[in-house]
Amino acid sequence: MKSLLKELCLINGVSGDEQLVRSAIMEKVKDHCDEMRTDPLGSLICFKKGKSSGKKLMVCAHMDEVGFIITHINSDGTLSFDQVGGIDPSVVIGRQVKVGNAGIQGVVGSQAVHDLSKEEREAPPKFSGMTIDIGASSKEEAEKYVSPGDCAYFSSDFLEMGSKIKSKAIDDRAGCAMMISLMQEDLPFDTYFVFNVQEEIGLRGSGASAYSVAPDFALVLEATTAADIDGVSGGKKVCCLGSGPVVSFMDRRTIYDRELYRLAFDTAMEIGVPCQTKSAVAGGNDAGAIHISGKGVRTLAVSVPCRYLHSPACVIESADLESTYALVRELAGRIPKL
Amino acid sequence: MELLGTITELAQAFGPSGCEDAAGELAKSMLEEYCSEVYISNNNVIGRFGERREGLPDLVLDAHIDQIGMIVTGISEEGFVKVDSLGGIDRRLLPTQQVVIFGKRQIPGVFSTLPPHLAQGGNKVMTFAEAAIDTGLSKEELEELVSPGDCVKFDVELKRLLGERVTCGALDDRCGVACILYALELLKGEDLGYNVTVIFSSQEEVGERGAKVGAFELAPDIAIAVDVSFAMNTGEDPKKCGELGKGPMIGVSPSLSRRISQELIACAKNAQIPFQYEVMNGMTGTNADRYSVEKGGAETCTVSIPLRNMHTPAEVIDLRDVRLSAQLLAEFIKEGRK
């Protein structure tokens, strides 16, 4: 699972520009499903027959990652950009990035600290003060390599730190990796697998694909914010690395199905994996669009706890990925029987 | 010598102020290509170039070998590494920045950051008291590997941008070190106008302390500090900046020798080396300030390589400026005192 995650995380696919991720996934799952199609927005919808048919279950994750879009090429050859998805400018300033599908090397610069006033040094940076520098010395030179509308990506390696993993795009290639693994197994029930686009700009892809599939149940696989870091105590941690899959009762977009919520904890206990809930109503994911699509879908999200989401350095615990997968695999065999 | 390779090795070497050992040893081995007698004293790497000739003035070429970094102050209860700064760090870019800690072995890590729900409106830049490095290791594992006083640097690889531009951390002032080495390459076998000593000095970033004792030890007649200065970039004031690719910035300042400044400018003009003025109104903030007043004083000047995003892991230089600066130094040294 770890090597699959690594391969997926290192592919670049900002919202609206997911085709490289989709092609890689199609290559991996084409021999493991009975139907496969791409919908008009670009989401990949797969159907795999199981040993029997139960209620209609859709397992899904999103392919897109947060990143940047080039808005303007400046006269000095630098590139103005905007964020795609929610990104803290502090994790962008001073970072290496790749621009466009050709992966042009760039770096995000800003005014030198020496030239900032005392107040400016203590003020968080803003995207408006940053440009991407690809080394071009004029607009004309830059235009040979980049066009407005090209995307840019965090350039960050996949690194094992003790038992933990650091990478960009773990949100939500972790979900994609679990889905691919599940599709490669023999399943007890017929299952739809949907790899969605455009989650990060407002749950855009999942509403359309959920309408097309029209499932009875949806199981959303995600990575969710863990704040178990230095100086944060109690409930403010939200969830913790090493404490297993995160199953939330409610976030900013969804009140989750109570029966599915209980089923997740009961199942985790039965199969002997840890499981935790979020100690705060925070965040949101594709469940928000899915559970109110069509006539309504009974929905649950199971997430890998992840520090520093939406940064070049998302950090997860390897064991959480395994235990989340174990729980998801078991739930896929139980939910269609409800 | 191959300039890009030399700069890459130097810029990726470890050497925060006070822990210059690895970068110093590397620079020493490089300097030994040109100097018969090279030694390290107070972490200053010192070499005599060419034969000593009676009656010639003593000239020192100085570039600092240290880089900005951090020093470990402790390990927190939660298993995060606490640090303070070595030199002027732009704290705005710390969140999720990748670092390497030089403990009993090299330990990778990332600065942790609060997620949005805890960031209290996000209107504050983290202090070093709040900053903490996430290594993925437990408190117990860390206590075996990391001790207070161990040094930390930003972990970044040198990358090529378009043309001859490159980005990395620590180009301040490893590109100055490379520039001096390249000047020696140009001077091999040439008749010199000075008795030349090279010093790659320690602890510049914490207040030019290596140069203070180096200047006492060497007591030259003339000293040239080869350092970096501000290159024009988004948000910078063009009146205070040089430009990338337009050649060395020759210092002119009340604290520098006006005669040396003028000789350097004349040299550049004669040899048709493009150059830029760097006019200051007092101290230069470089090692030149130390040589000027150590012992009985010396005539000093600065030759600066323009650099963007100073003191960040995203520094950018143009290799042409390093080559042109080296040519200028070589011409000046061949010319000698009239």
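Residues of the stretch A:171-205 with amide nitrogen under 16 Å from the 7 Å Cα-to-Cβ point of residue A:216?
A:188-192
Read phi for every residue in the stretch B:83-99 and hand back ³J(HN,Hα) as whole Hz from Karplus 6.51 cos²θ - 1.76 cosθ + 1.60, θ = phi - 60°, with x for Gly and Pro.
9, 10, 8, 10, x, x, 8, 7, 5, 4, 9, 5, x, 6, 5, 7, 9
Gain in length, residue B:139 to residue B:36, computed as 0.36 nm per residue apart minus the alpha-carbon separation, to one decimal in nm? Mind showing how you got there, number by number?
Numbers: separation 103, 0.36 × 103 = 37.08 nm, distance 4.75 nm.
Here the segment from residue B:139 to residue B:36 would lengthen by 32.3 nm.
Could you let me know the centre-to-centre spacing of the stretch A:123-155 and the stretch B:217-283, using Cα atoms, in angstrom?
With the stretch A:123-155 and the stretch B:217-283 each reduced to a Cα centre, they are spaced 29 Å.
May I ask for the Rg/Rh ratio of the protein assembly as shown, computed from Cα atoms with Rh as the Kirkwood radius, given to two decimals?
1.06
Using only the alpha carbons, work out the radius of gyration and Dmax of the stretch B:70-152 in angstrom.
12.5, 39
Using only alpha carbon positions, build the gyration tensor of chain B, then give the equivalent ellipsoid semi-axes as the square roots of 5 times its eigenvalues, largest first, whole angstrom. Present the calculation step by step, with values, prior to reporting the outcome.
Values: eigenvalues 265, 93, 60 Å².
That gives 36, 22, 17 Å for the three semi-axes.
Name the residue from B:194, B:316, A:275 whose Cα lies farthest towards the positive end of the charge dipole of the protein assembly as shown, charges +1 on Cβ of Lys and Arg and -1 on Cβ of Asp and Glu.
It is A:275.
So what are the ³J(HN,Hα) numbers for the stretch A:117-133, from phi and the Karplus equation (6.51, -1.76, 1.60; θ = phi - 60°), rounded to whole Hz, Gly and Pro as x?
6, 4, 5, 5, 5, 9, 9, x, x, 10, 4, 5, x, 10, 9, 9, 10
To the nearest 0.05, what FRET efficiency results for residue A:117 and residue A:147 with a Förster distance of 51 Å applied to their C-beta separation?
On the way: r = 36 Å, r/R0 = 0.71.
It comes out at approximately 0.90.
Based on the Cβ-Cβ distance from residue A:270 to residue A:2, what FRET efficiency comes out when R0 is 25 Å, to the nearest 0.05? Write out the running numbers ahead of the final one.
Values: r = 26 Å, r/R0 = 1.03.
Efficiency, from the Cβ-Cβ distance: 0.45.
Looking only at Cα atoms, what is the convex hull volume of the stretch A:15-83 per residue, in Å³? Numbers along the way, then the final one.
Values: hull volume 7.4 nm³, N = 69.
It comes to 108 Å³ per residue, whole-number rounded.
Given H placed on each backbone N at 1.01 Å, which residues far from residue B:14 in sequence or on other chains put an amide H within less than 5 Å of it?
Placed amide hydrogens put B:23 under 5 Å from residue B:14.
Which of A:58, A:42, A:128 sits closest to the plus end of the dipole of the stretch A:23-167, meaning its Cα is farthest towards the positive end, when Lys and Arg get +1 and Asp and Glu get -1 on the C-beta?
A:58
Cysteines of chain B lacking any other cysteine beta carbon under 4.7 Å?
Taking the Cβ cut-off of 4.7 Å, the unpaired cysteines of chain B are B:35, B:168, B:175, B:179, B:241, B:267, B:301.
At a Förster radius of 60 Å, what calculated FRET efficiency corresponds to the Cβ-Cβ distance of residue B:259 and residue A:38, to the nearest 0.05?
On the way: r = 73 Å, r/R0 = 1.21.
Efficiency for this residue pair is about 0.25.
Going 7 Å from the Cα of residue A:102 along its beta-carbon direction, which residues of the stretch B:123-161 have the amide nitrogen within less than 19 Å of the resulting point?
B:159-161
Chain A: Rg/Rh from Cα coordinates, Kirkwood Rh? Write down the numbers at each step before the final one.
Details: Rg = 20.5 Å, Rh = 20.6 Å.
Using only Cα positions, Rg/Rh for chain A is 1.00.
Report, in deg cm²/dmol and to the nearest 500, the calculated mean residue ellipticity at 222 nm for chain B, where each DSSP H run with n ≥ 4 adds -39500 (n - 2.57) and the sum is divided by the residue count. Display every interim value, and only then the final one.
Numbers: 8 runs with 91 residues, N = 338.
Value at 222 nm, helices only, nearest 500: -8000 deg cm²/dmol.
Along the Cα→Cβ direction, 7 angstrom out, place labels at residue A:259 and residue A:157. What is the inter-label distance in nm?
Here the answer is 5.0 nm between the modelled labels.
For the stretch B:18-35, in order, what is each residue's ³J(HN,Hα) by Karplus, 6.51 cos²θ - 1.76 cosθ + 1.60 with θ = phi - 60°, in whole Hz (x at glycine and Pro)?
x, 10, 7, 3, 5, 5, x, 5, 5, 5, 4, 5, 6, 5, 5, 4, 10, 10
Work out how much length residue A:329 to residue A:27 would gain on full extension: take 0.36 nm times their residue separation and subtract the Cα-Cα distance, in nm to one decimal.
On the way: separation 302, 0.36 × 302 = 108.72 nm, distance 2.17 nm.
The span from residue A:329 to residue A:27 would gain 106.6 nm if fully extended.
How big is the stretch A:98-210 on each of its three principal axes, counting only the C-alpha atoms and giving the largest first in Å?
The Cα atoms of the stretch A:98-210 stretch 63, 38, 27 Å along their principal axes.
Can you give the helix-only mean residue ellipticity at 222 nm for chain A, where every DSSP H stretch with n ≥ 4 adds -39500 (n - 2.57) and the sum goes over all residues, rounded to the nearest 500 deg cm²/dmol? Spell out each step's value before the answer.
Numbers: 9 runs with 87 residues, N = 338.
Rounded to the nearest 500, it is -7500 deg cm²/dmol.
Where is the GNM fluctuation largest for chain B (alpha-carbon springs, 10 angstrom cutoff): B:302, B:234, B:312?
Comparing B:302, B:234, B:312 in a Gaussian network model of chain B, the most mobile one is B:234.
Would you calculate the separation in nanometres between label points at residue A:186 and residue B:29, each defined as 7 Å from the Cα along the Cα-to-beta-carbon direction?
A separation of 5.7 nm, rounded to one decimal place.
Please compute the modelled spin-label separation between residue B:240 and residue B:279, points set 7 Å along Cα→Cβ, answer in nm with one decimal.
Using points 7 Å along Cα→Cβ, the separation is 1.6 nm.
Filter the trypsin sites (Lys or Arg not before Pro) in the stretch A:208-252 down to the DSSP loop ones having no more than 13 other Cβ atoms within 10 Å, then list what survives. Kindly include the intermediate steps, with their values, before the conclusion.
Numbers: sites: A:236, A:237, A:252; in loops: A:252.
Here the sparse-neighbourhood loop sites are A:252.
Each reported figure results from applying straightforward, stated rules to the coordinates on display, with no laboratory input. Treat the numbers as computed from the prediction; the structure is a model and nothing was measured. All Cβ positions, even for glycine, are placed from backbone atoms using ideal geometry, and neighbour counts span all protein chains on display.
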